[in-house]
Amino acid sequence: ELQRALLGTDGLHRLMFSTLMLHRWLSEGHEMTLNEWVQLNTGIEGCGNDIPLHVQMGIYSAVSSQQLQLNAVRSAVSSFKPALPSLNSSAFVRFHGRPQTDGDLAHWPQASPHVLAAEGGVLAAGRMSPQPNGADKQRRRPSLTTFAQPFDAGGTGRLEEEMTWLRLHQWLLFLASTEETAPFAFVSLKKAALLRADARVLQIVLARRVEGEWPTAMVDDDWLELCLLLGDGRFQVLEAPELVMRFNDPADFQTWAAYLKEICSEDSERRRAALKLPPVHVDTTMNQ
């Protein structure tokens with residue numbers, strides 16, 4: 001019945017994650033009504049559609065009445081050690097994207113992905129609402145600092161770049177405000193291409209890989225996607241023509257550029273081979 005009610009696996013995965021977050025929220029003693037949960041789930045089905053109401057009502061009833069047990073084994077959770085990232089360093093990042101919508105074009109938010117994630121995403125896309133019962137008042141978010149600098153000497157500086165901590169785990173590039181904090185967004189590199197690596201300004205540009213022998217002019221379907229990780233467990237997908245990273249350390253730039261060249265290659269065999277080998281960290285002090 002659940003399979004017939006959903007459009008595809010993407011909607012199922014999002015609904016499962018939302019159910020886990022609902023269970024966790026209620027098990028910690030918080031309150032959330034059915035209408036609040038349905039509002040949070042707005043647009044999580046494929047193409048921005050909604051999960052059928054009768055499906056959400058059944059899940060909410062099972063979770064809220066404690067008919068559905070989702071308790072994890074504490075010993076297994078406590079003994080789990082997170083995987084170390086393949087690459088891990090800071091850079092100035094620029095991603096000027098808009099939310100994905102079904103139909104009409106969405107407006108372009110002026111804030112950076114970090115600020116958008118902290119503010120609850122782009123409300124016009126219908127993926128986020130304030131947390132219920134004043135939870136957002138109890139957990140004040142820290143102030144955010146944006147380091148705005150032009151990307152090149154001749155730039156206008158209108159589009160801001162932001163100091164970001166980058167962690168690469170297999171195909172996933174996570175973005176965080178600092179080395180110690182949780183990520184606020186991630187980018188899947190499975191369909192990404194290394195558009196440019198400029199050693200003069202230590203800048204790397206990623207875009208969406210265009211499949212086929214005759215790539216056409218860049219259209220909306222060929223944009224790179226960045227997934228915002230919102231504070232209440234929701235997510236929101238932004239899309240933009242490119243993701244720009246500028247490094248301060250030449251060694252970091254060379255290490256990232258060499259590894260991204262392999263895992264973002266058009267050759268699928270090269271991409272798979274790169275994931276099996278650790279990246280080679282470049283030491284520029286040897287050349288001095």
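The values are calculated or read from the model by the stated rules, or taken from the named source; none is laboratory data. Remember, predicted model here, so these are calculated numbers, not experimental data. Backbone-built Cβ (ideal geometry, glycine too); neighbour counts: all protein chains shown. What goes into the accessible areas is simple: the full protein's heavy atoms, side chains included, and nothing from ligands, DNA or RNA. Shrake-Rupley method; radii C 1.70, N 1.55, O 1.52, S 1.80 Å.
Number of residues in the range 165-212 that are open to solvent by less than 30 Å² (accessible area, probe 1.4 Å), part of a strand (DSSP E or B) and closer than 17 Å to Arg270 by Cα: the value is 2.
Within the range 270-282, restricting attention to residues that are part of a helix (DSSP H, G or I) and open to solvent by less than 40 Å² (accessible area, probe 1.4 Å), the residue that is farthest from Leu195 (Cα to Cα) is Leu275. The set of residues in the range 245-269 that are hydrophobic (A, V, I, L, M, F, W, C) and surrounded by 21 or more Cβ atoms within 10 Å (Cβ to Cβ) comprises Met245, Phe247, Phe253, Trp256, Leu260, Ile263, Cys264. Identify all residues within the range 21-70 that are surrounded by fewer than 18 Cβ atoms within 10 Å (Cβ to Cβ), among the hydrophobic types (A, V, I, L, M, F, W, C) and in contact (Cβ under 8 Å) with a residue 60 or more places away in the chain; write none if there are none. Scanning the range 21-70 gives a single hit, Met21. Within the range 2-46, take every residue that is aliphatic (A, V, I, L, M) and part of a loop (DSSP other than H, G, I, E, B) and give me the one that is nearest to the chain's Cα centre (by Cα). In this case the residue turns out to be Ile44. Under the condition of being modelled with pLDDT of 70 or more, at negative phi and assigned to a loop (DSSP other than H, G, I, E, B), the residues counted in the range 102-123 number 6.
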